[in-house]
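Notes follow once the structure below has been shown.
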Amino acid sequence: MSRSMISRRAVLASGAALPLAAASGGVARAAAPMMGNGMSRFNRVGLGGFEVTTILAGTMPRPDPHSIFGLNVDEEAFSAASKAARIPTDVAQFFFTPTVVNTGNALILFDTGLNAEGTTAALAEAGYSPDQVDVVVITHMHGDHIGGLMNGDAPTFPNARYITGAKEFDAWAGMENEGFESKVRPLAEQMEMLEDGASVAPGVTAMAAFGHTPGHMTYMLESDGKQLLVAVDFANHYVWSLGHPDWEVSFDMDKAAAAATRRRILDMLAADGLPFIGYHMPWPGMGYVESEGDGFRYVPASYQLMLEG
């Protein structure tokens, strides 16, 4: 056996015997603790003269996603689409992503998350306090969008004015819904009702996207020639509803109208190359759309929007 081989073995053996001692001056140290999954709770980009911030008001796994998405397709089709996207079929991760827009004249919050605690904590991480919010826009009245309107018996955003679609408000006011009664009804007299095409503020325009709920609205942002769509829930998953717009979604109250709305908005986004924010898209919720076959493909934003401001 050669001298070089003996030396190499000796070095390897001594290193294996004392893996931590040499690096710590002869004193072994414990490994760093496992921290679990984690992510920042805000993401901010520029859009012309605006600042646009998404905040992560909550995230959770949901089992059996085929009971929610693709109700009109069989298990084989659902599994094939999932496998192609490298995502599991037995569980999905849900994200709840309000949007904050600073126009320079007003701080506008689009939707309020599942509850006041989660939304205000995410706002704080983004550098905002609830009393700084000038306008709260409710895009539609599912519980994960109105849940943070009230903090106990008090409004979460004490200095804000409230805006929602007239058709949406009227529809929910005619239902028996505990969330509406406890979160929206106390603020009803302070709410301004708008219609399709109305302006929330200069550069912020309501666009009807009915189907998911009776009066669901998206909002086009425009500043210095730059555009971005706050698209909310027109598509609830980046594969199973955006990629397959004709697949039925259990949350859509009018499934045929919702599918038609999805195709219309996806066609517009793909044709115009517009970025959008989806309330349930993978965090941080910003991306683009490309046509692909009979459907569409979600393209997450990388650094494009970091260069807009």
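Which residues, taken from region 73-97, are assigned to a helix (DSSP H, G or I) and either outside the structural domain of Gly58 (by TED's automatic domain parsing) or touching a residue at least 60 places away in the same chain (Cβ under 8 Å) (or both)? Those that are assigned to a helix (DSSP H, G or I) and either outside the structural domain of Gly58 (by TED's automatic domain parsing) or touching a residue at least 60 places away in the same chain (Cβ under 8 Å) (or both): Phe78, Ala81, Ser82. Determine if region 176-194 includes at least one residue that is among the charged types (D, E, K, R), crowded, with 16+ Cβ neighbours inside 10 Å and in contact with a helix residue (DSSP H, G or I) (Cβ under 6 Å, 6 or more places away or on another chain). The answer is yes; a qualifying residue exists. Taking the criterion of being surrounded by fewer than 21 Cβ atoms within 10 Å (Cβ to Cβ) and closer than 20 Å to Thr218 by Cβ, the only residue of region 143-160 that qualifies is Gly143. Counting the residues of region 121-135 that are crowded, with 21+ Cβ neighbours inside 10 Å and either at positive phi or within 17 Å of the chain's Cα centre (by Cα) (or both) gives 2. Can you find even one residue in region 70-81 that is over 16 Å from Gly285 (Cα atoms) and hydroxyl-bearing (Ser, Thr, Tyr)? Scanning region 70-81 turns up at least one residue that is over 16 Å from Gly285 (Cα atoms) and hydroxyl-bearing (Ser, Thr, Tyr). Within region 44-95, restricting attention to residues that are buried (at least 16 other Cβ atoms within 10 Å of the Cβ) and of a type in the set (D, E, K, R), the residue that is nearest to Ser223 (Cα to Cα) is Glu51. Checking each residue in region 144-181 for being touching a His at 6+ places or on another chain (Cβ under 8 Å) and in a loop (DSSP other than H, G, I, E, B) picks out no residue at all. In region 98-125, the residue that is farthest from Tyr298 (Cα to Cα) out of those that are assigned to a helix (DSSP H, G or I) and of a type in the set (S, T, N, Q) is Thr120. Is it the case, given these coordinates, that Leu114 is surrounded by fewer than 22 Cβ atoms within 10 Å (Cβ to Cβ), within 14 Å of the chain's Cα centre (by Cα) and either farther than 24 Å from Gly295 by Cβ or outside the structural domain of Phe296 (by TED's automatic domain parsing) (or both)? Spelling it out, Leu114 is indeed surrounded by fewer than 22 Cβ atoms within 10 Å (Cβ to Cβ), within 14 Å of the chain's Cα centre (by Cα) and either farther than 24 Å from Gly295 by Cβ or outside the structural domain of Phe296 (by TED's automatic domain parsing) (or both). From the list Ser291, Ser250, Ser223, the lone residue that is surrounded by fewer than 23 Cβ atoms within 10 Å (Cβ to Cβ), of a type in the set (Ser, Thr, Tyr) and within 20 Å of Phe110 (Cα to Cα) is Ser223.
Do any residues in region 50-61 that are farther than 12 Å from Ala122 by Cα have Cβ atoms under 8 Å from those of residues that are of a type in the set (Lys, Arg) and assigned to a strand (DSSP E or B), where the two are at least six apart or on different chains, and which pairs are they? Filtered contacts from region 50-61: Glu51/Arg44; Val52/Arg44.
Taken as a whole, the condition of being among the small types (Gly, Ala, Ser) and in contact with a Ser or Thr (Cβ under 8 Å, 6 or more places away or on another chain) does not apply to Ala271.
The values are calculated or read from the model by the stated rules, or taken from the named source; none is laboratory data. No experiment lies behind these values; they were computed from the predicted model shown. Because the Cβ atoms are built from the backbone with ideal geometry, glycine has one as well, and the counts that use them run over all protein chains shown.
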